[in-house]
Amino acid sequence: MTERKPAGVSFESWVDQQIRESERKGDVSKLPGFGKPIEALSAPYDEAWWIKSKMQREGVSVLPPALALRKEAEDVVARLPEIRTEAEVRRALTEVNDKIREAVRRPPPGPLLNLRPFDVDALVAQWRTARAAS
């Protein structure tokens, strides 16, 4: 598709020719999503659909800082059973506690934080008990 449109050929017929040639070579069937239904075709129209789709694919968050920190704190607690060592549990909890303490000192914009640092020793004890039971 790097060749230039020849003079005297309408743009539409030149593009059609390029598409037919790509189909003949099999280039079209190699495209991602070929043969699959178009996602969200039945969803109501949204002007920012492509922005939202890209953000979802890239894992970008648009939460206000206070809500993002609350989510991070919830995620750390939910992830504790998967962590293998006590040192890793303590490190994960300490990291989120540092962020919480900083946010308490300098409240981020947005809704109230409503978080307190975790009691690391209590959560480690729960983690040990859960590990021993399984």
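We did not get these values from a lab; they are worked out from the coordinates using the rules stated. What you see is a predicted model, and the numbers here were worked out from it, not measured in a lab. Note that we place each Cβ from the backbone using ideal geometry, even for glycine, and neighbour counts take in every protein chain shown.
Looking at the stretch 101-110 only, could you name the residues that are among the small types (G, A, S) and surrounded by 14 or more Cβ atoms within 10 Å (Cβ to Cβ)? Scanning the stretch 101-110 gives a single hit, A103.
Selection of the stretch 91-134 for residues being within 23 Å of the chain's Cα centre (by Cα) and among the acidic types (D, E) yields only E95. Scanning the stretch 105-125 for residues that are free of Cβ contacts under 8 Å to residues at least 12 places away in the same chain and farther than 15 Å from P64 by Cα turns up R105, D119, D121, A122, A125.
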